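Computed from the coordinates by the stated procedures, all read-outs in this text should not be read as laboratory data. Keep in mind it's a predicted model, so treat the numbers as computed, not measured. Here the Cβ positions follow ideal geometry from the backbone for every residue, glycine too, while neighbour counts run over all protein chains shown.
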Amino acid sequence: MDAFTTGLLQRIKATESDLTQARESGDHFLADVEEAELDDLRRLAAEHGVELNAA
């Protein structure tokens, strides 16, 4: 796995964790921000052929 793929998968995992924490704490604004970030990261992964199942 190259550095780009590794870094992208790490960012996705971290963002998923941050999203979970935002939801659990009831911070709706932060949850919206994290959801948008996660959408962007997933789009970037798809554009570059990165399999998310590998995460």
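Criterion first (in contact with a helix residue (DSSP H, G or I) (Cβ under 9 Å, 6 or more places away or on another chain), among the aromatic types (Phe, Trp, Tyr) and assigned to a helix (DSSP H, G or I)) does Phe4 satisfy it?
No, not satisfied.
Of everything in the stretch 25-55 that's in a loop (DSSP other than H, G, I, E, B) and aliphatic (A, V, I, L, M), which residue is farthest from Arg11 (Cα to Cα)?
Checking each candidate, the answer is Val50.
Looking only at the stretch 2-30, count every residue that is more than 12 Å from the chain's Cα centre (by Cα) and surrounded by 11 or more Cβ atoms within 10 Å (Cβ to Cβ) and tell me the total.
Residues in the stretch 2-30 being more than 12 Å from the chain's Cα centre (by Cα) and surrounded by 11 or more Cβ atoms within 10 Å (Cβ to Cβ): 8 in total.
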